[in-house]
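> Pasting a structure here, questions to come.
FYI, it's all coordinate maths here, none of it is from the lab. Here the structure is a predicted model, which means the values were calculated and not measured. With ideal geometry, Cβ positions are generated from the backbone for all residues, glycine too; neighbour counts draw on all protein chains shown.
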Amino acid sequence: MSRHDLQPKGDQPHVVRATVGWDRPLQTFFAQVFFRTEDEPADGEALIWFGTAPGELLTPEAVIAIVEPHVTIPPGLVDILNAEMRATIGVKDGTHQAHAKRSIFGSIH
């Protein structure tokens, strides 16, 4: 799994950060945007969260479109995310990952 924390834009004081990355076991990119809440003023709470289902977000562009209104996107992030995804091609689930997928999703795909 890869993970990149992104900083909020200056006009987004309610946003703490966003996180994007590649989840190899689920074969999806993921995006989270953390907003300040009364219960979590410093760390924020992930009120936007995509990429929790297998194959939900298939391109870096899709994941960036979710977080772009809230955070600054560093140059080259699309290429980095693509490279992280390609680096996992052919990597198979371990015994525990396969068991968990069968339990949660009914399949290992």
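> If you go through region 30-78 one residue at a time, how many are touching a Leu at 6+ places or on another chain (Cβ under 6 Å) and of a type in the set (K, R)?
0
> Can I ask one more? Could you go through region 14-21 and let me know if any residue there is part of a loop (DSSP other than H, G, I, E, B) and under 12 Å from the mean Cα position of the chain (by Cα).
Within region 14-21 (the criterion being part of a loop (DSSP other than H, G, I, E, B) and under 12 Å from the mean Cα position of the chain (by Cα)), the answer is no, since none of the residues qualifies.
Results for (1) charged (D, E, K, R); (2) exposed (fewer than 14 other Cβ atoms within 10 Å of the Cβ); (3) on the phi > 0 side of the Ramachandran plot, shown as yes or no for each residue.
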{"site": "L26", "(1), (2), (3)": "no, no, no"}
{"site": "D43", "(1), (2), (3)": "yes, yes, no"}
{"site": "L57", "(1), (2), (3)": "no, no, no"}
{"site": "T95", "(1), (2), (3)": "no, yes, no"}
{"site": "I104", "(1), (2), (3)": "no, yes, no"}
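> Check T37 against each of (1) surrounded by fewer than 20 Cβ atoms within 10 Å (Cβ to Cβ); (2) within 11 Å of the chain's Cα centre (by Cα); (3) β-branched (V, I, T) and name the one condition it does not meet.
Here T37 clears every test but (2).
> Further, regarding this structure: For residues that are more than 21 Å from G10 (Cα to Cα) and without any contact (Cβ under 8 Å) to a residue 24 or more places away in the chain, tally how many sit in region 39-72.
Residues that pass the stated criteria total 4.
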